[in-house]
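The values are calculated or read from the model by the stated rules, or taken from the named source; none is laboratory data. Keep in mind it's a predicted model, so treat the numbers as computed, not measured. As a convention, Cβ positions derive from the backbone with ideal geometry for all residues, glycine included, and neighbour counts pool all protein chains shown.
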(Lines give C-alpha, C1' and ligand atoms only; values in the text may rest on other atoms or scores of the structure.)
Protein backbone atom coordinates (compact mmCIF):
# COMPACT_ATOMS: atom_id res chain seq x y z
CA UNK A 1 0.00 0.00 0.00
CA UNK A 2 1.76 3.13 -1.23
CA UNK A 3 -0.66 5.46 0.55
CA UNK A 4 0.35 8.22 2.96
CA UNK A 5 -1.67 8.74 6.14
CA UNK A 6 -1.52 11.84 8.34
CA UNK A 7 -2.78 11.05 11.83
CA UNK A 8 -3.21 14.43 13.56
CA UNK A 9 0.24 15.53 12.36
CA UNK A 10 1.63 18.89 13.45
CA UNK A 11 4.87 20.82 13.12
CA UNK A 12 6.10 23.55 15.44
CA UNK A 13 9.20 25.68 15.69
CA UNK A 14 9.36 26.55 19.36
CA UNK A 15 5.96 28.00 20.22
CA UNK A 16 5.09 28.72 16.59
CA UNK A 17 2.78 26.14 14.95
CA UNK A 18 3.30 26.07 11.22
CA UNK A 19 1.27 22.92 10.50
CA UNK A 20 -1.74 22.09 12.67
CA UNK A 21 -3.50 18.76 13.15
CA UNK A 22 -3.35 17.32 9.62
CA UNK A 23 -5.61 14.28 9.49
CA UNK A 24 -6.18 12.80 6.03
CA UNK A 25 -5.03 10.10 3.61
CA UNK A 26 -3.24 10.38 0.27
CA UNK A 27 -4.31 7.39 -1.79
CA UNK A 28 -1.92 5.01 -3.48
CA UNK A 29 -1.07 6.12 -7.01
CA UNK A 30 -2.95 9.43 -6.91
CA UNK A 31 -1.74 12.89 -7.82
CA UNK A 32 -2.36 15.09 -4.80
CA UNK A 33 -1.69 18.81 -4.93
CA UNK A 34 -0.82 20.71 -1.75
CA UNK A 35 -2.09 24.17 -2.63
CA UNK A 36 -2.13 27.43 -0.73
CA UNK A 37 -0.59 30.88 -0.33
CA UNK A 38 3.02 31.45 0.71
CA UNK A 39 3.63 30.52 4.33
CA UNK A 40 0.59 28.24 4.62
CA UNK A 41 2.65 25.15 5.58
CA UNK A 42 2.46 23.20 2.32
CA UNK A 43 6.24 22.88 1.76
CA UNK A 44 6.75 21.95 5.41
CA UNK A 45 4.13 19.23 4.99
CA UNK A 46 5.95 17.88 1.93
CA UNK A 47 9.28 17.93 3.77
CA UNK A 48 7.75 15.93 6.62
CA UNK A 49 6.75 13.28 4.08
CA UNK A 50 10.29 13.32 2.68
CA UNK A 51 11.82 13.01 6.14
CA UNK A 52 13.55 16.38 5.86
CA UNK A 53 11.53 17.85 8.75
CA UNK A 54 10.86 16.25 12.14
CA UNK A 55 7.23 15.74 13.15
CA UNK A 56 6.24 17.63 16.30
CA UNK A 57 2.88 15.94 16.91
CA UNK A 58 0.89 12.99 15.62
CA UNK A 59 1.99 10.13 13.38
CA UNK A 60 2.82 9.78 9.69
CA UNK A 61 2.34 6.43 7.94
CA UNK A 62 3.77 5.39 4.58
CA UNK A 63 3.30 1.98 3.02
CA UNK A 64 1.45 0.91 6.16
CA UNK A 65 4.31 1.76 8.52
CA UNK A 66 4.84 4.62 10.94
CA UNK A 67 7.77 6.67 9.64
CA UNK A 68 8.16 9.47 12.19
CA UNK A 69 11.68 8.29 13.01
CA UNK A 70 12.57 6.68 9.66
CA UNK A 71 15.43 8.51 7.86
CA UNK A 72 14.72 10.13 4.52
CA UNK A 73 16.97 7.69 2.66
CA UNK A 74 14.84 4.74 3.76
CA UNK A 75 11.43 6.12 2.76
CA UNK A 76 11.70 5.25 -0.95
CA UNK A 77 10.97 8.82 -2.06
CA UNK A 78 12.21 10.86 -5.00
CA UNK A 79 12.08 14.62 -4.64
CA UNK A 80 12.29 17.52 -7.08
CA UNK A 81 13.09 20.93 -5.59
CA UNK A 82 12.14 24.40 -6.80
CA UNK A 83 15.78 25.38 -7.34
CA UNK A 84 16.67 22.15 -9.20
CA UNK A 85 19.54 21.32 -6.75
CA UNK A 86 21.82 20.00 -9.51
CA UNK A 87 25.51 19.37 -8.88
CA UNK A 88 27.23 22.14 -10.89
CA UNK A 89 30.45 20.15 -11.47
CA UNK A 90 28.62 17.10 -12.84
CA UNK A 91 27.32 16.58 -16.36
CA UNK A 92 23.66 15.94 -17.12
CA UNK A 93 24.30 12.20 -17.23
CA UNK A 94 26.24 12.22 -13.96
CA UNK A 95 23.53 14.25 -12.22
CA UNK A 96 20.81 11.85 -13.36
CA UNK A 97 22.52 8.60 -12.38
CA UNK A 98 24.36 9.74 -9.25
CA UNK A 99 21.71 8.41 -6.88
CA UNK A 100 21.63 5.04 -8.67
CA UNK A 101 25.40 4.69 -8.35
CA UNK A 102 25.21 5.43 -4.63
CA UNK A 103 22.56 2.70 -4.34
CA UNK A 104 24.90 0.38 -6.28
CA UNK A 105 22.36 -0.42 -8.98
CA UNK A 106 23.80 -2.68 -11.72
CA UNK A 107 25.49 -0.83 -14.59
CA UNK A 108 23.20 -2.31 -17.23
CA UNK A 109 20.10 -1.26 -15.27
CA UNK A 110 21.51 2.25 -14.75
CA UNK A 111 22.03 2.59 -18.50
CA UNK A 112 18.52 1.34 -19.27
CA UNK A 113 16.93 3.79 -16.82
CA UNK A 114 19.11 6.64 -18.09
CA UNK A 115 18.17 5.98 -21.71
CA UNK A 116 14.46 5.85 -20.85
CA UNK A 117 14.62 9.13 -18.90
CA UNK A 118 16.62 10.94 -21.59
CA UNK A 119 14.09 9.85 -24.21
CA UNK A 120 11.03 10.70 -22.10
CA UNK A 121 12.26 14.18 -21.15
CA UNK A 122 13.84 15.03 -24.50
CA UNK A 123 17.38 15.30 -23.13
CA UNK A 124 19.15 13.19 -25.72
CA UNK A 125 22.26 15.04 -26.89
CA UNK A 126 22.66 16.94 -23.61
CA UNK A 127 24.26 14.12 -21.61
CA UNK A 128 27.72 15.69 -21.47
CA UNK A 129 26.72 19.28 -20.76
CA UNK A 130 27.12 20.96 -17.39
CA UNK A 131 24.09 22.64 -15.71
CA UNK A 132 25.53 26.11 -16.45
CA UNK A 133 25.26 25.33 -20.16
CA UNK A 134 21.52 24.56 -19.96
CA UNK A 135 18.41 26.72 -20.03
CA UNK A 136 16.06 26.84 -17.05
CA UNK A 137 13.65 24.42 -18.73
CA UNK A 138 16.45 21.97 -19.51
CA UNK A 139 17.72 22.09 -15.92
CA UNK A 140 14.20 21.38 -14.71
CA UNK A 141 13.97 18.35 -16.99
CA UNK A 142 17.30 17.08 -15.65
CA UNK A 143 15.97 17.39 -12.10
CA UNK A 144 12.86 15.46 -13.13
CA UNK A 145 14.96 12.82 -14.88
CA UNK A 146 17.08 12.35 -11.75
CA UNK A 147 13.91 11.68 -9.78
CA UNK A 148 12.34 9.46 -12.43
CA UNK A 149 15.26 7.04 -12.66
CA UNK A 150 14.95 6.20 -8.96
CA UNK A 151 11.61 4.43 -9.69
CA UNK A 152 10.50 5.35 -6.17
CA UNK A 153 7.03 4.65 -4.80
CA UNK A 154 6.62 8.31 -3.80
CA UNK A 155 7.32 11.28 -6.07
CA UNK A 156 7.51 14.58 -4.17
CA UNK A 157 7.65 17.91 -6.00
CA UNK A 158 8.16 21.28 -4.30
CA UNK A 159 7.04 24.03 -6.72
CA UNK A 160 9.12 22.40 -9.48
CA UNK A 161 7.83 24.59 -12.31
CA UNK A 162 7.77 28.02 -10.68
CA UNK A 163 11.02 29.10 -12.36
CA UNK A 164 9.74 28.30 -15.86
CA UNK A 165 7.86 30.59 -18.22
CA UNK A 166 4.17 29.94 -18.94
CA UNK A 167 4.70 27.92 -22.13
CA UNK A 168 7.34 25.69 -20.54
CA UNK A 169 5.10 25.08 -17.53
CA UNK A 170 2.39 23.69 -19.78
CA UNK A 171 4.76 21.25 -21.51
CA UNK A 172 6.38 20.26 -18.20
CA UNK A 173 2.96 19.45 -16.70
CA UNK A 174 2.29 17.15 -19.66
CA UNK A 175 5.63 15.42 -19.03
CA UNK A 176 4.72 14.91 -15.37
CA UNK A 177 1.39 13.37 -16.33
CA UNK A 178 3.19 11.03 -18.75
CA UNK A 179 5.63 10.04 -16.00
CA UNK A 180 2.76 9.26 -13.66
CA UNK A 181 0.87 7.28 -16.28
CA UNK A 182 3.98 5.19 -16.85
CA UNK A 183 5.06 4.49 -13.27
CA UNK A 184 1.88 5.12 -11.19
CA UNK A 185 3.79 6.61 -8.25
CA UNK A 186 1.99 8.36 -5.44
CA UNK A 187 2.67 12.00 -6.33
CA UNK A 188 2.53 14.87 -3.83
CA UNK A 189 3.00 18.22 -5.54
CA UNK A 190 3.34 21.59 -3.78
CA UNK A 191 2.29 24.75 -5.60
CA UNK A 192 0.66 28.14 -5.05
CA UNK A 193 -0.50 28.15 -8.69
CA UNK A 194 -4.18 27.23 -8.88
CA UNK A 195 -3.98 26.50 -12.63
CA UNK A 196 -1.35 23.83 -11.98
CA UNK A 197 -3.55 22.43 -9.24
CA UNK A 198 -6.73 22.33 -11.31
CA UNK A 199 -5.09 20.79 -14.39
CA UNK A 200 -2.79 18.25 -12.71
CA UNK A 201 -4.47 17.01 -9.54
CA UNK A 202 -6.68 14.04 -8.84
CA UNK A 203 -7.41 15.80 -5.56
CA UNK A 204 -6.43 19.15 -4.07
CA UNK A 205 -5.51 19.70 -0.41
CA UNK A 206 -5.98 23.43 0.11
CA UNK A 207 -4.12 24.87 3.10
CA UNK A 208 -4.10 28.21 4.89
CA UNK A 209 -2.16 29.22 8.02
CA UNK A 210 -1.11 25.64 8.65
CA UNK A 211 -4.58 24.12 8.52
CA UNK A 212 -6.34 22.03 5.90
CA UNK A 213 -9.24 24.02 4.45
CA UNK A 214 -10.59 21.51 1.94
CA UNK A 215 -9.58 18.16 0.44
CA UNK A 216 -11.49 17.16 -2.68
CA UNK A 217 -11.44 16.86 -6.46
CA UNK A 218 -10.64 19.99 -8.50
CA UNK A 219 -14.27 20.11 -9.68
CA UNK A 220 -15.66 20.09 -6.13
CA UNK A 221 -13.08 22.56 -4.85
CA UNK A 222 -14.14 24.94 -7.62
CA UNK A 223 -17.92 24.37 -7.69
CA UNK A 224 -18.58 23.34 -4.08
CA UNK A 225 -16.11 25.31 -1.91
CA UNK A 226 -16.13 24.30 1.76
CA UNK A 227 -15.68 27.85 3.03
CA UNK A 228 -15.12 31.46 2.04
CA UNK A 229 -11.33 31.06 1.88
CA UNK A 230 -11.63 28.24 -0.66
CA UNK A 231 -14.18 30.15 -2.72
CA UNK A 232 -11.99 33.25 -2.91
CA UNK A 233 -8.61 31.52 -3.34
CA UNK A 234 -9.67 29.33 -6.26
CA UNK A 235 -10.60 31.12 -9.46
CA UNK A 236 -9.52 34.34 -11.16
CA UNK A 237 -11.20 36.69 -10.63
CA UNK A 238 -12.16 35.21 -7.26
CA UNK A 239 -15.68 34.43 -6.11
CA UNK A 240 -17.82 37.42 -5.18
CA UNK A 241 -18.75 37.25 -1.49
CA UNK A 242 -21.41 39.74 -0.37
CA UNK A 243 -23.19 40.61 2.85
CA UNK A 244 -26.77 39.35 2.71
CA UNK A 245 -29.92 38.90 4.71
CA UNK A 246 -32.55 36.20 4.25
CA UNK A 247 -36.28 36.57 4.75
CA UNK A 248 -39.18 34.43 3.51
CA UNK A 249 -37.52 32.91 0.48
CA UNK A 250 -35.58 35.95 -0.62
CA UNK A 251 -32.01 37.12 -0.24
CA UNK A 252 -31.56 40.83 0.38
CA UNK A 253 -28.40 42.60 -0.69
CA UNK A 254 -28.86 46.09 0.65
CA UNK A 255 -32.36 47.16 -0.41
CA UNK A 256 -32.52 44.81 -3.40
CA UNK A 257 -33.91 41.28 -3.26
CA UNK A 258 -33.05 38.07 -5.09
CA UNK A 259 -35.70 35.35 -5.12
CA UNK A 260 -34.66 31.78 -4.27
CA UNK A 261 -36.31 28.56 -5.44
CA UNK A 262 -37.66 25.84 -3.16
CA UNK A 263 -34.46 23.79 -3.01
CA UNK A 264 -32.38 26.73 -1.78
CA UNK A 265 -35.09 27.85 0.64
CA UNK A 266 -35.01 24.38 2.24
CA UNK A 267 -31.20 24.42 2.36
CA UNK A 268 -31.06 27.77 4.18
CA UNK A 269 -33.83 26.74 6.56
CA UNK A 270 -31.92 23.52 7.39
CA UNK A 271 -28.87 25.58 8.30
CA UNK A 272 -30.74 27.23 11.17
CA UNK A 273 -30.92 30.85 12.12
CA UNK A 274 -27.98 33.19 11.86
CA UNK A 275 -26.19 35.52 9.51
CA UNK A 276 -25.06 34.51 6.06
CA UNK A 277 -22.79 35.54 3.20
CA UNK A 278 -23.76 35.21 -0.46
CA UNK A 279 -21.26 33.87 -3.00
CA UNK A 280 -21.27 33.78 -6.79
CA UNK A 281 -18.42 33.40 -9.29
CA UNK A 282 -18.03 36.23 -11.86
CA UNK A 283 -18.64 33.84 -14.77
CA UNK A 284 -21.93 32.69 -13.20
CA UNK A 285 -23.54 36.12 -13.38
CA UNK A 286 -25.85 37.01 -16.28
CA UNK A 287 -25.22 40.61 -17.27
CA UNK A 288 -27.39 43.05 -19.25
CA UNK A 289 -28.02 46.74 -19.91
CA UNK A 290 -31.78 46.30 -19.35
CA UNK A 291 -33.59 44.99 -16.26
CA UNK A 292 -33.45 41.22 -15.82
CA UNK A 293 -36.10 39.15 -14.09
CA UNK A 294 -34.77 38.42 -10.58
CA UNK A 295 -31.78 40.64 -11.37
CA UNK A 296 -29.91 43.22 -9.33
CA UNK A 297 -29.17 46.80 -10.38
CA UNK A 298 -25.68 48.26 -10.10
CA UNK A 299 -23.31 50.78 -11.65
CA UNK A 300 -20.08 50.02 -13.53
CA UNK A 301 -16.92 51.17 -11.71
CA UNK A 302 -14.23 50.04 -14.17
CA UNK A 303 -13.33 47.38 -16.75
CA UNK A 304 -10.38 45.00 -17.09
CA UNK A 305 -9.43 43.50 -20.45
CA UNK A 306 -8.57 39.80 -20.03
CA UNK A 307 -8.04 39.18 -23.72
CA UNK A 308 -10.83 36.68 -24.40
CA UNK A 309 -13.22 38.44 -22.02
CA UNK A 310 -13.77 41.58 -19.98
CA UNK A 311 -13.94 41.80 -16.21
CA UNK A 312 -16.66 44.26 -15.19
CA UNK A 313 -16.46 45.71 -11.66
CA UNK A 314 -19.88 46.83 -10.45
CA UNK A 315 -20.93 48.85 -7.39
CA UNK A 316 -23.98 47.12 -5.91
CA UNK A 317 -25.63 48.54 -2.79
CA UNK A 318 -22.32 49.77 -1.40
CA UNK A 319 -20.53 46.51 -2.17
CA UNK A 320 -18.41 45.47 -5.16
CA UNK A 321 -19.33 42.60 -7.43
CA UNK A 322 -17.40 41.37 -10.47
CA UNK A 323 -19.00 39.96 -13.63
CA UNK A 324 -17.50 38.58 -16.84
CA UNK A 325 -18.50 39.82 -20.31
CA UNK A 326 -17.39 38.45 -23.67
CA UNK A 327 -17.47 41.91 -25.24
CA UNK A 328 -16.74 45.43 -24.04
CA UNK A 329 -20.32 46.71 -23.98
CA UNK A 330 -19.87 48.50 -20.67
CA UNK A 331 -18.15 51.67 -19.53
CA UNK A 332 -17.60 53.34 -16.14
CA UNK A 333 -20.78 55.00 -14.93
CA UNK A 334 -23.15 52.74 -16.90
CA UNK A 335 -26.19 51.35 -15.09
CA UNK A 336 -26.06 47.59 -15.36
CA UNK A 337 -28.12 44.57 -14.28
CA UNK A 338 -26.68 41.28 -13.04
CA UNK A 339 -28.46 38.02 -12.24
CA UNK A 340 -26.80 35.20 -10.29
CA UNK A 341 -27.46 31.76 -11.79
CA UNK A 342 -29.46 29.91 -9.13
CA UNK A 343 -27.68 26.57 -9.61
CA UNK A 344 -24.31 28.28 -9.11
CA UNK A 345 -24.81 30.29 -5.93
CA UNK A 346 -23.07 29.67 -2.60
CA UNK A 347 -24.24 30.54 0.89
CA UNK A 348 -21.83 30.69 3.82
CA UNK A 349 -22.35 31.02 7.56
CA UNK A 350 -21.03 34.48 8.36
CA UNK A 351 -19.64 33.53 11.77
CA UNK A 352 -17.80 30.32 10.79
CA UNK A 353 -17.31 31.28 7.08
CA UNK A 354 -18.17 27.64 6.25
CA UNK A 355 -20.55 26.71 3.45
CA UNK A 356 -24.05 25.73 4.57
CA UNK A 357 -23.93 23.00 1.91
CA UNK A 358 -25.81 22.50 -1.32
CA UNK A 359 -29.30 21.23 -2.12
CA UNK A 360 -29.57 17.51 -2.80
CA UNK A 361 -31.21 18.24 -6.16
CA UNK A 362 -28.09 20.08 -7.33
CA UNK A 363 -25.80 17.27 -6.19
CA UNK A 364 -27.92 14.65 -7.96
CA UNK A 365 -28.01 16.74 -11.15
CA UNK A 366 -24.20 17.13 -11.14
CA UNK A 367 -23.68 13.39 -10.58
CA UNK A 368 -25.90 12.61 -13.57
CA UNK A 369 -24.01 15.11 -15.74
CA UNK A 370 -20.66 13.60 -14.71
CA UNK A 371 -21.91 10.10 -15.55
CA UNK A 372 -23.00 11.28 -19.00
CA UNK A 373 -19.52 12.66 -19.62
CA UNK A 374 -17.73 9.41 -18.69
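Of note:
- Output for segment 119-137, where each listed residue is in a helix (DSSP H, G or I) and either closer than 23 Å to residue 76 by Cα or out of contact with any helix residue (DSSP H, G or I) (no Cβ under 8 Å at 6 or more places or on another chain) (or both): 119, 120, 132, 133
- Of the residues making up segment 151-183, just one is under 21 Å from residue 48 (Cα atoms), surrounded by fewer than 24 Cβ atoms within 10 Å (Cβ to Cβ) and touching a helix residue (DSSP H, G or I) at 6+ places or on another chain (Cβ under 6 Å), namely 158.
- Those residues of segment 312-353 which are touching a helix residue (DSSP H, G or I) at 6+ places or on another chain (Cβ under 8 Å) and under 18 Å from residue 275 (Cα atoms), in sequence order: 345, 346, 347, 348, 353
Conditions tested, residue by residue: (1) touching a residue at least 40 places away in the same chain (Cβ under 8 Å); (2) outside the structural domain of residue 218 (by TED's automatic domain parsing); (3) closer than 18 Å to residue 208 by Cβ; (4) part of a helix (DSSP H, G or I).
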position	(1), (2), (3), (4)
17	yes, no, yes, no
22	yes, no, yes, no
29	yes, no, no, no
38	yes, no, yes, no
43	yes, no, yes, yes
49	yes, no, no, yes
53	yes, no, no, no
61	yes, no, no, no
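- So residue 116, is it part of a helix (DSSP H, G or I), crowded, with 19+ Cβ neighbours inside 10 Å and over 23 Å from the mean Cα position of the chain (by Cα): no
- Counted residues, segment 310-341 - those being outside any loop (DSSP other than H, G, I, E, B) and surrounded by fewer than 16 Cβ atoms within 10 Å (Cβ to Cβ): 3
- Count of segment 264-282 residues, restricted to those that are buried (at least 16 other Cβ atoms within 10 Å of the Cβ) and part of a helix (DSSP H, G or I), is 5.
- Among the candidates 207, 214, the residue that is free of Cβ contacts under 8 Å to residues at least 24 places away in the same chain, buried (at least 18 other Cβ atoms within 10 Å of the Cβ), under 14 Å from the mean Cα position of the chain (by Cα) and not assigned by TED's automatic domain parsing to the domain that holds residue 314 is uniquely 214.
- When we screen 230, 199 for residues that are under 14 Å from the mean Cα position of the chain (by Cα), surrounded by fewer than 17 Cβ atoms within 10 Å (Cβ to Cβ) and modelled with pLDDT of 90 or more, the only hit is 199.
- Selected residue (only one of 161, 242, 157, 168 is assigned to a strand (DSSP E or B), over 11 Å from the mean Cα position of the chain (by Cα) and modelled with pLDDT under 95): 157
- Under the condition of being over 23 Å from the mean Cα position of the chain (by Cα), closer than 24 Å to residue 173 by Cβ and either touching a residue at least 12 places away in the same chain (Cβ under 8 Å) or not assigned by TED's automatic domain parsing to the domain that holds residue 86 (or both), the residues counted in segment 130-143 number 6.
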